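Q: One structure follows; several queries about it will come next.
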Amino acid sequence: MTTNRKHRHNQQAERLRLLCMLALLLFLLGSCAKMGQPDGGWYDEQPPRVVSASPADQSTNVTARKVVINFNEFIKIENATENVVVSPPQIEMPEIKSAGKRIIVELKDSLKPNTTYTIDFSDAITDNNEGNPLGNYTYSFSTGEQIDTMEVSGYVLDAENLEPVKGILVGLYSNLTDTIFTSQPLQRVSRTDSRGRFVIKGVAHGSYRIYALQDADGNYIFNQKSERIAFNHDIVVPSSFPDTRPDTIWRDSLHIESINQVPYTHFMPDNIVLRAFQEVQTDRFFIKQERKEPDHFTLYFSYGNGEQPKIRGLNFQADSAFVVEGNERQDTITYWLRDTMLVNQDTLRLEMTYMKTDSTGILVSQTDTLEVLSKEPYEKRLKKRQKQYDEWKKKAEKAEKRGNKVEPLQLEEDKPLAIDVKVPADMDPEKNILITSPVPLDSINTAAIHLYSKHDTLWYDAPMQFRAVPHVARTYEILGEWRPEGEYSLEIDSAAFVSIYGRVSDKVKKGIKMKSLDEYSTLLFNVTGMADSTLVVQIIDKQDKPVKQLTTTNGVAEFFYVKPDTYYLRAFIDYNGNGHWDTGCYDEDLQPEPVYYFHEPIECKAKWDVSRTWNPKSVNLAKQKPAEIVKQKADKQKTIKRQNYQRAKKLGIELPDELKKLDEQLQAK
């Protein structure tokens, strides 16, 4: 009995051992079968694919205004309002939506006869799960017998700084008259991408004029001066020819497998450059009045005028009541009150007569009644003064009890006139000293201003010139014959400056030390191809801001005392000789002054003389501005992420053949 029981026990143990071995074998077989298949499976890296459309793509004689495009998987559209462009432009916004595996477009405007319609989705279509982009996709149909297939492309740049202009409309007219841009909607349109690039599709053979428009009111017509525009008189004639372009196949991220030449249709012109600008707002109207401080008020206008407003006081005598300051554009005018009685008057009622643009665009005389209120009432100022007196009195009583000296009370109006003398710590020999007063001056005693230079150990009078800075209120400059490594002393006697309120300036002494020539670089540019042009040439920094500027008529631009750094160069043709860049005007057929950039950075080092020759017209405008200082950076291109390749590489396994082939196609793109 015991033997049989033991035998049965051995049989059960043997069966258990065999079952364990079988389970282990099945596990190993299953593991081997999964060596090419990571947990969770492979990513979907196939972009969505159009399977059908109604009406079919490139259909003719279409009458329906509803378009349905079907895909092989669920899709989505990113920001259809900005990314999808319908041409001809639609006055009433089309309805564009994605629904599952389809896109539905409903055109609200009536269809035009014998016209090719294009719906350019750009790269806005992706699949719903992995975000794989379809790529640039355009659907088209015609209401006539044929489809127009020509294309016109190029760039729109900001005329002032050659920055790419993103999102501006670019359109064509077959009507070549100059007035068409202000009377009829653009005929065929596109919209620029982040690189300023545009492609107008579905264009018929013929001759066109091209324009750009930052459309403010959605009517595709230039009818507001606030709208940014671009135009030229070039006639655009679309054409095409068969061409090839390289298609690179990568073995991996570092090695090229092959470069194939792929045939395609090359459409021309493909390098149009439009320079966008905004016109000066010449319509003149009164904006506002402001009296932040009791001693002056400021009037703001939309545009300047050589004739200043006439002021008639209604509760004060305005004759000889003001010192008037206007800015360079004469659109901001400040009135300083001479009489302290008026300064203490909280409300000034006045009549202002000025020139205003009427509804027909003509300047006419306009009279407005204004109440100019002080931001801080006189009563409040008196309370502050009383508080100041009370605090001084307490301190004085304490000081007197302790036998200490009592400092006299000094109210704001009793303090010396605070003249600001700006002397840079490391002053360049070509700079000057600036002096600014906080209020208008009644008198300046230039004999009380002294400049001394040091020779060996002795100080001598140094030649100088004192003058007002044009168009900058209450600002003056001292010009000296500054020598590199020279030492100077600026000394201003007390009472050299007296304000209109009788306050006098205090004594000022400033030491000045000029830097050595060895601390600078010199930059020389010979500008060619611009004969008989007045050029303003600027050295600009990494923020695209001018550091130095000069005007040349012979193409030679030599900059001295350049601090060591990396710089860039910009130039513009100064047609009117005012030293400033000027915008254009459509009504006057006036283009903005042309701007050019030297296409590479310039390294300036101490003791270096850097010389360059530059033909501003040798490089296309769209490629001139160095990438390092372009602020409008290109959007990251949508691509399939090659997640399967990365996963296989991480796991140390081979991609299946079908996925490997797909990955090669992704690399080629």
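The values are calculated or read from the model by the stated rules, or taken from the named source; none is laboratory data. Since the model is a prediction, treat every value here as computed from it, not as a measurement. Quick reminder, even Gly has a Cβ in these numbers, built from the backbone with ideal geometry, and neighbours come from all protein chains shown. These accessible areas exclude ligands, DNA and RNA; they are computed on the full protein's heavy atoms, side chains included. Shrake-Rupley method; radii C 1.70, N 1.55, O 1.52, S 1.80 Å.
Q: Please determine, in degrees from 0 to 90 and to the nearest 10, the orientation of helix 657-668 with respect to the longest principal axis defined by the Cα atoms of the chain, where the helix direction is its Cα long axis.
A: Between helix and principal axis, roughly 30 degrees.
Q: From the list (1) 27.6, 91; (2) 25.6, 91; (3) 37.9, 139, can you say which value of Rg and Dmax of the Cα atoms in Å was derived from the structure given?
A: It is the one labelled (3).
Q: Which whole-number percent gives the relative contact order of the chain, counting Cα pairs below 8 Å spaced six or more residues apart? Spell out each step's value before the answer.
A: Numbers: 1388 pairs, mean separation 64.1, N = 669.
About 10 percent, as a whole number.
Q: Take the alpha carbon atoms of region 122-180, find their center, do the same for region 187-201, and report the distance between the two centers in whole angstrom.
A: Taking the Cα centre of each part, region 122-180 and region 187-201 sit 4 Å apart.
Q: Follow-up question, since we're still on this one. For the chain, which whole percent of the accessible surface, found with a 1.4 angstrom probe, sits on carbon and sulfur atoms? Walk me through the numbers before you get to the answer.
A: On the way: 18620 of 38130 Å².
It is 49 percent, rounded to a whole number.
Q: How large is the accessible surface per residue of the chain, computed with a 1.4 Å probe and reported in Å² as a whole number? Please report the intermediate quantities before stating the final value.
A: On the way: 38130 Å² over 669 residues.
Averaged over the residues of the chain, the accessible area is 57 Å².
Q: Related question: What percentages, rounded to whole numbers, describe P(r) for region 369-421 computed over all alpha carbon pairs with 5 Å bin width beginning at zero?
A: Once binned at 5 Å, the Cα pair distances of region 369-421 give 4, 15, 16, 16, 16, 13, 9, 5, 3, 1, 1, 0.
Q: Where does each of 74, 141, 322 land when they are ordered by accessible area, with a 1.4 Å probe and the largest first?
A: Ranked from most to least accessible, the order is 74, 322, 141.
Q: Amide H neighbours of residue 469 under 5 Å, counting only residues 5+ apart in sequence or on other chains, H built in-plane at 1.01 Å?
A: Sorted by chain and number, the residues that satisfy this are 475, 476, 477.
Q: In addition: With r defined as the distance between the Cβ atoms of residue 146 and residue 223 and R0 fixed at 41 Å, what FRET efficiency is calculated, to the nearest 0.05?
A: Numbers: r = 33 Å, r/R0 = 0.82.
Working from the Cβ atoms, E equals 0.75.
Q: So how many Å³ per residue does the convex hull of the Cα atoms of region 309-363 work out to?
A: Enclosed volume per residue, from the Cα hull, is 100 Å³.
Q: Among 137, 117, what's the order by accessible area (1.4 angstrom probe), most exposed first?
A: Details: 137 30, 117 5 Å².
Putting 137, 117 in descending order of accessible area: 137, 117.
Q: Against the longest principal axis of the chain, how steep is helix 2-33, in degrees 0 to 90 to the nearest 10, with axes from Cα atoms?
A: So the helix axis and the longest Cα principal axis differ by about 60 degrees.
Q: Something else about it: Estimate the FRET efficiency between residue 239 and residue 519 by the formula 1/(1 + (r/R0)^6), using the beta-carbon distance for r and 56 Å for R0, to the nearest 0.05.
A: 0.45
Q: Also, quick follow-up: Keeping to pairs on different chains or 8 or more places apart, tell me how many lysine pairs in region 59-129 have Cα atoms under 19 Å apart.
A: Details: 66/76; 66/97; 66/101; 66/108; 66/112; 76/97; 76/101; 97/108.
Step by step, the pairs that qualify in region 59-129 add up to 8.
Q: Where a ≥ b ≥ c are the square roots of the eigenvalues of the C-alpha gyration tensor, would you call region 443-511 rounded, which needs a/c under 1.5, or, failing that, prolate if a/b is larger than b/c, or oblate?
A: It is oblate, given that a/c is not under 1.5 and a/b is not larger than b/c.
Q: At a Förster distance of 22 Å, what's the computed FRET efficiency of residue 469 paired with residue 308, Cβ-Cβ distance as r, to 0.05? Mind dumping the intermediate values first?
A: Values: r = 20 Å, r/R0 = 0.92.
It comes to 0.60.
Q: PRE reach from residue 397 (point 7 Å along Cα→Cβ): which of region 374-389 fall under 19 Å by backbone N?
A: Counting only backbone N, you get 385-389.
Q: Okay, next question. What's the ranking of 518-531, 398-411 by average number of surrounding C-beta atoms within 10 Å, highest first?
A: Per-residue Cβ counts within 10 Å, averaged per peptide and sorted highest first, yield 518-531, 398-411.
Q: Hey, quick one: spin label on residue 351, modelled 7 Å out along Cα-Cβ, who in region 359-401 has an amide N within reach, i.e. under 18 Å?
A: Hits in region 359-401 for residue 351 at 18 Å: 364-372.
Q: Multiply the residue gap between residue 52 and residue 257 by 0.36 nm, knock off their C-alpha separation, and tell me the result in nm, one decimal place.
A: So the extension gain works out to 70.3 nm.
Q: Could I ask something else about it? Please state the shape class of region 212-311: rounded when a/c is under 1.5, otherwise prolate if a/b exceeds b/c and oblate if not, all from the C-alpha gyration tensor.
A: Prolate, because a/c is 1.5 or more and a/b exceeds b/c.
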